[in-house]
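Worksheet: the structure to be examined is printed underneath.
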Amino acid sequence: MFTTHLKKLSIIILLVLCQAGAGAQSFRVLVVASRASDHMKMMAAARPFFQQMAAEESFQLDFTDDTSQINPVNLSRYQVFVMLQLAPFDMSYAQQDALQEFVEKGNGFVGIHAAGLTGHQFHPKDRYWQWFENMMGNVIYSPHPAYQHATMIVDDRSHPVTRHLPARIDIPDEWYEWDKSVRDNPDVHVLASVDESTYHQNKPMGDHPVIWTNQRFRRMIYISPGHSPELLHDPAYGSMLRDAIRWAASSGPATVSLPLSDRRVSYDRHYVLNTPVVPQPELFLRLKRALTKPQFTITTADPATGTILGKGSLDIPTNDSGHHYQISYDFNIGVTDGRYTFRTDHYYEKPINIGTSSEFTKIEYRWWDYRQGHPWHRDDRRLFTGLDSAMTQTLDEVDRQVHRPRFRALVLYENGGWHVKYSWRARNWLRQQAADSNFAIDCLTHTDSITDQLLANYQLIIQLDFVPYGWKPTAQAAFKKYIEEGRGGWVGFHHATLLGEFDNTQMWPWFHDFMGGIRWKSYIARFAKATVRIEDRTHPVFQDLPDSFVVQKEEWYTYDKSPRPNVHVLANVDESTYSPDTTIKMGDHPVIWSNEKVKARNIYIFMGHDPILFDDTVYKHLFANAISWAAQTPPYPASALQPADSTVRPATPAHPRYHVLAFYSNTVESDHVDFAYDAIRFYAELAAKKNFAFDTTSNWENCNEALKSYQVVLWLNDFPHAESQRKAFENYMEHGGAWFGFHVSGYNDRTTHWPWFVHFFGDAVFYNNAWPPLPVKLIVDDNRHPATHRLPARFVAPLNEWYGWKPDPRDNKDIRVLITLDPANYPLGKKDTIRGGDIPVCWTNTRYKMLYVNMGHGDKNLSSPIQNRLFEDGLEWLGTGKSVTR
């Protein structure tokens, strides 16, 4: 009875684990491509593209242009059919019937580009496949325009196929058109459409869907963009095709999907800001501001190359009991005019209150097993769905911040009268300036709605030719508080100093004082040209302006007195330059000033009557500077725009102290390749600094008599497999050569068949390992040895896969163990666990000049300055045979 219950329990556990790994099961995909001549370039590029996708996503793929493969027997082997550029009329009647049966049975269908060529017009005498038109949403193809770039809008970013796409994406295609919008069909769910204002149409559709599903069929999707192989180089497009195939293969309502690039989890988004195009320096600074949140750390920001590098972090809850995962990742942002690319990779996960080990490990280890149906934990599905959702939200929020205005300005002007042409021209210029400089404006032509609550939304008020006596009492009170309490800035023009009793109104006493206690007196009715002289060159509003400039046409107000005693005068008009000359003069005649007795940044600029002012570059520059200063958004310091310092590497001296040859393989496990590349960079830099020669090779045939030319041989991520290579190495070592081996270079088991090496290695044979790679505490057994003399008694080693050995190399009398795994680490591992034992991680065989270190798995091994001393001093000991100077 107990056995029966145990079996039932085992079955239940197995079912739970299988459900946790749902969506990770393998499936089979048939891609049938077109043979049409205008699609040949796409077909040539598509084959390796889909093959790489299949390898990365762990599904089986068959790629063919032979339509005879579309038959009931063959189709029964597949879960997804991809109709790549293949038109429906390219199939025989029997093939059409076979595909129809395949789709109606609930299998997945992905149609790309020419699959949308519906209609009788292509072969009017043949039997028409009406079922296919119905599946496509009952639309008829219409001739397409020329191949060109356009903006695709993602209508549904929650769908599994489009959730990794940005809200808008600029891609090229020959944008197919149909007789009507498929959105009118109640069975169709539109995922994306093309913005017809961004390209030249053949026959505008208005509403123009380009990606959709037909919900009458379980897993059917059509993707119109797909003409050129150029699209396959777009990570967002490639990610969408991958997600479309995974969705079409899925059996549940949604699948777990993380984007992969070169077998790494990687999000790669391309963004376009083209309304208008934002210059690279401005966009660069917007992105830096968007990344000032605590979850981002910028490590490099180089405006010269438009590069921003750094690290990000996330927290992913996986249940309601406090279990969660901390996620870290790297980001790389490239910025050009109007565009930026946001790429992320190197994802690491750290469980909190979950499992036996709470350390960061590469998320690909867990993701790989999950996709194979072997989840490590019942919360894995929630981890991956949570990560995907959180990253999508993070990238979207950064883009929102990039588009978010730096400040909002309220523009007040009179919509009529003598100055309306100036105000209209100013309003249009301000709209362009706001778009270029990333701020927002709202316009009012009256003060009826101005209250404290309204002004709280603005960091700046721009008063364009709006008279002070036009303010309503509530607006006056709100504006007074706004200025006196410094709630925002103010830039006023021209009509703002029309102070006095006009149109049966009384002068506003507070505004009269604010403008320096002046009263309007007269003006030059016939206008005059004149020169404005800057008095305070240090004020920010005059940055990059000349000492004086000419105003071509203005009516130059005069006042009952100069405001100079009550304000900070910044510029005056030289009345001797009036042309034509006039008797309407003041003597001391300020035209630009600021009242420093209030808290708000404020500036009054008299010139503002005629729209011709906006043909003057100096005037526009003055206006722009005034906005920036009054809104308290000073330009970034010059240091923020300087390129990152370049590091000059010293040249290698002509007479190296010793020679090193490093062997590596680039076809082994990717984490071992990563380490090899990092080690090559590390030792190349060290060679220049320490004056030794450093050569590398991935050709193990070089393990021959040529080894005698080198004092040290390194095995970074592999070992010799051919008998001749092994014999050459044995001869090299037996005659005084030196060897430095890392991690998998020491791996040996019953399949290795190299007894000499096992004995050379201390008779240690691989026994077990901890998985995934984790950081550990290490004990330095012997700090008198030249390789370890600079190490502390204990230190923490970075992320690595740790091997266990049996027999223990310490039992060999010739072995000198230098470093050991600290027992405090046990149990070590999340999936495969080492629970105890003596595990040396660094040793030397005293009969040879050799050093082995277990470190060497992944891209973190060289991230520890302490551990790097071992890698440096170990090589120095082998290369020189002498102790390293302390």
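Points worth noting:
- Close pairs from the range 332-351: first within 18 Å of Lys830 (Cβ to Cβ), partner surrounded by fewer than 16 Cβ atoms within 10 Å (Cβ to Cβ), Cβ under 9 Å, at least 6 apart: Tyr348/Gln326; Glu349/Gln326; Lys350/Gln326; Lys350/Ser358; Pro351/Gln326; Pro351/Ser358
- Taking the listed residues Tyr559, Tyr523, the one that is open to solvent by less than 20 Å² (accessible area, probe 1.4 Å) and touching a residue at least 60 places away in the same chain (Cβ under 8 Å) is Tyr559, with no other qualifying.
- Inclusion of Pro279 among residues that are touching a residue at least 60 places away in the same chain (Cβ under 8 Å), open to solvent by 50 Å² or more (accessible area, probe 1.4 Å), at negative phi and in contact with a strand residue (DSSP E or B) (Cβ under 7 Å, 6 or more places away or on another chain) is not warranted.
- Scanning the range 609-632 for residues that are outside any helix (DSSP H, G or I) and either among the aliphatic types (A, V, I, L, M) or out of contact with any Asp or Glu (no Cβ under 6 Å at 6 or more places or on another chain) (or both) gives Asp610, Asp616, Ala631, Gln632.
- For the range 58-77, the criterion of being over 19 Å from Asn214 (Cα atoms), touching a residue at least 60 places away in the same chain (Cβ under 8 Å) and not β-branched (Val, Ile, Thr) is satisfied by at least one residue.
- Residue count, the range 176-195 (criterion: part of a strand (DSSP E or B), in contact (Cβ under 8 Å) with a residue 40 or more places away in the chain and under 22 Å from Asp243 (Cα atoms)): 4
- Filtered residue count, the range 748-773, keeping only those that are among the aromatic types (Phe, Trp, Tyr) and in a loop (DSSP other than H, G, I, E, B): 2
- Among the residues of the range 365-421, those that are surrounded by 15 or more Cβ atoms within 10 Å (Cβ to Cβ), assigned to a loop (DSSP other than H, G, I, E, B) and among the aromatic types (Phe, Trp, Tyr) comprise Trp376, Phe407.
- Applying a threshold of 7 Å to beta carbon distances and a minimum spacing of six or more residues, or different chains, the list of pairs starting in the range 792-813 at a residue that is within 21 Å of Pro773 (Cβ to Cβ) and ending at one that is in a loop (DSSP other than H, G, I, E, B) and hydroxyl-bearing (Ser, Thr, Tyr) reads Ala797/Ser864; Pro798/Ser863; Pro798/Ser864.
- Scanning the range 32-49 turns up one or more residues that are under 19 Å from Asp243 (Cα atoms), at pLDDT 85 or above, surrounded by 16 or more Cβ atoms within 10 Å (Cβ to Cβ) and among the basic types (Lys, Arg).
- Those residues of the range 751-777 which are touching a residue at least 12 places away in the same chain (Cβ under 8 Å), open to solvent by 20 Å² or more (accessible area, probe 1.4 Å) and under 48 Å from the mean Cα position of the chain (by Cα), in sequence order: Val765, Phe766, Tyr767, Asn768, Asn769, Trp771, Pro775, Lys777
- Applying the criterion of at least 2 residues that are surrounded by fewer than 18 Cβ atoms within 10 Å (Cβ to Cβ) to the strands (runs of 3 or more DSSP E) found wholly in the range 60-164 leaves 60-64, 148-154.
- Of the candidates His208, His200, the single residue that is surrounded by 17 or more Cβ atoms within 10 Å (Cβ to Cβ), farther than 21 Å from Glu397 by Cα and over 22 Å from the mean Cα position of the chain (by Cα) is His208.
The values are calculated or read from the model by the stated rules, or taken from the named source; none is laboratory data. This one's a predicted model, so the numbers in the text were calculated from it and none came from an experiment. Heads up, the Cβs are rebuilt from the backbone with ideal geometry, glycines too, and the neighbour counts pull from every protein chain shown. With ligands, DNA and RNA removed, areas are computed over all heavy atoms of the protein, side chains included. Shrake-Rupley method; radii C 1.70, N 1.55, O 1.52, S 1.80 Å.
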